[in-house]
1. Got a sec? Which of Phe113, Phe32, Phe103 is surrounded by fewer than 19 Cβ atoms within 10 Å (Cβ to Cβ) and closer than 18 Å to Glu166 by Cα?
2. Mind checking which residues of the range 115-152 are part of a loop (DSSP other than H, G, I, E, B) and not hydroxyl-bearing (Ser, Thr, Tyr)?
3. Collect the residues in the range 39-48 that are within 14 Å of ligand 1 (Cβ to nearest atom) and either small (Gly, Ala, Ser) or surrounded by fewer than 17 Cβ atoms within 10 Å (Cβ to Cβ) (or both), keeping them in residue-number order.
4. Of the residues Leu218, Leu199, Leu170, which is buried (at least 22 other Cβ atoms within 10 Å of the Cβ), within 14 Å of ligand 1 (Cβ to nearest atom) and under 13 Å from the mean Cα position of the chain (by Cα)?
5. For Ser183, are the conditions met, namely being away from ligand 2 (no atom under 16 Å from the Cβ), surrounded by fewer than 15 Cβ atoms within 10 Å (Cβ to Cβ) and of a type in the set (Gly, Ala, Ser)?
6. Which numbered condition trips up Arg40, out of (1) within 14 Å of ligand 2 (Cβ to nearest atom); (2) touching a strand residue (DSSP E or B) at 6+ places or on another chain (Cβ under 6 Å); (3) modelled with pLDDT of 95 or more?
7. With Ala112, Ala85 as the choices, which residue is in a helix (DSSP H, G or I), within 24 Å of Arg128 (Cβ to Cβ), under 19 Å from the mean Cα position of the chain (by Cα) and more than 16 Å from ligand 2 (Cβ to nearest atom)?
8. Suppose we filter the range 1-28 for residues that are of a type in the set (S, T, N, Q), surrounded by fewer than 14 Cβ atoms within 10 Å (Cβ to Cβ) and either in a loop (DSSP other than H, G, I, E, B) or modelled with pLDDT of 95 or more (or both); how many remain?
Amino acid sequence: MDPVTVSKEPVPPSLEVAGLAFAYPDGHQALFGVDFTIGRGERVALLGPNGAGKTTLVLHLNGILTGGAGTVAVAGLPVGKQHMAEIRRKVGIVFQDPDDQLFMPTVREDVAFGPAAAGMKGPELEARVDRALARVGMAEFKDRPPHHLSFGQRRRVAVATVLAMEPEILVLDEPSSNLDPASRRELADILRSLDVTVLMVTHDLPYALELCPRSLVLSEGVIAADGPTGELLADDALMRAHRLELPFGFDPRSVAAGS
Ligand SMILES: Nc1ncnc2c1ncn2[C@@H]1O[C@H](COP(=O)(O)OP(=O)(O)O)[C@@H](O)[C@H]1O
Ligand SMILES: [Mg+2]
């Protein structure tokens, strides 16, 4: 994809991963040279069977894991010790369990936590919190304790805590897991409405098709496929080779991808 140009200044891609390889301290190698680029404003799904290295890859995007070979750059900024605070602000990771992310007495305090730590305060901070909560449809829950909310509402607040940092890229690990159908639908509508670059790790292939025009298949620590989601899901041999299963009776050709 061509980089978007604004007054001759090329906009760097939101994410650029090159030659990324990583072995855990016990010697188990999880990534074997991963390359891909995500342009600003794209929504991309990261698909792959259990153990493929998806979480290991995500943990490299904001420098939680480092020390292997290769490079990661976010909006042109290399992920490494020298820019860690800025990288953590630019890469918003929504972890699988919202309870890992919400720990304050009220929703407001959880959403304010990151921007406040970055030095924001007063009316500017309140406006930032209100905007992030409005984007996930949780404005009226501002003064509630997170643990009184439903799981789906907690996941939306977790998304708001990350949006409050105005990240370059929003990374979601299994966003639809444990959601009932109505909450799954609400979250899809929210994700579609955001004007932010998204990388979504998921086993939920219909969700990937619905939300992400492009998908990456990570398998045994390498990118096995990178293309339009509808085309990848319709490739039976590819799906079988990487243990990706569509729900019974689901026809990827019957859905308009990523619209
Ligand atoms: N802390 C760890 N130490 C050693 N091996 C690990 C560790 N975490 C994950 N692995 C291994 O690395 C591989 C990739 O794991 P992971 O990134 O969690 O895959 P996925 O998220 O795709 O299921 C797996 O074989 C897993 O067993
Ligand atoms: Mg994982």
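The values are calculated or read from the model by the stated rules, or taken from the named source; none is laboratory data. Predicted model, so just to flag it, every value in this text is computed and none were measured. Ideal geometry is used to build each Cβ from the backbone, glycine not excepted, and the neighbour counts take in all protein chains shown.
1. Working: Phe32 fails: closer than 18 Å to Glu166 by Cα; Phe103 fails: closer than 18 Å to Glu166 by Cα.
So the residue among Phe113, Phe32, Phe103 that is surrounded by fewer than 19 Cβ atoms within 10 Å (Cβ to Cβ) and closer than 18 Å to Glu166 by Cα is Phe113.
2. Within the range 115-152, the first condition is being part of a loop (DSSP other than H, G, I, E, B), and the residues that meet it are 118-121, 136-138, 142-145, 149-150.
Passing the criteria: Ala118, Gly119, Met120, Lys121, Val136, Gly137, Met138, Lys142, Asp143, Arg144, Pro145, Leu149.
3. Kept after step one, since they are within 14 Å of ligand 1 (Cβ to nearest atom), are these residues of the range 39-48: 45-48.
Once the filter is applied, which keeps residues that are within 14 Å of ligand 1 (Cβ to nearest atom) and either small (Gly, Ala, Ser) or surrounded by fewer than 17 Cβ atoms within 10 Å (Cβ to Cβ) (or both), the range 39-48 yields Ala45, Gly48.
4. On the way: Leu218 fails: under 13 Å from the mean Cα position of the chain (by Cα); Leu170 fails: within 14 Å of ligand 1 (Cβ to nearest atom).
Unique residue meeting the criteria: Leu199.
5. Details: away from ligand 2 (no atom under 16 Å from the Cβ): yes; surrounded by fewer than 15 Cβ atoms within 10 Å (Cβ to Cβ): no; of a type in the set (Gly, Ala, Ser): yes.
No: the conditions fail for Ser183.
6. Status for Arg40: all satisfied but (1).
7. On the way: Ala112 fails: under 19 Å from the mean Cα position of the chain (by Cα).
Exactly one residue qualifies, and that residue is Ala85.
8. The initial filter retains those residues of the range 1-28 that are of a type in the set (S, T, N, Q), namely 5, 7, 14.
From what's left, surrounded by fewer than 14 Cβ atoms within 10 Å (Cβ to Cβ): 5, 7.
Applying the additional criterion that residues be either in a loop (DSSP other than H, G, I, E, B) or modelled with pLDDT of 95 or more (or both) yields 7.
So the count comes out to 1.
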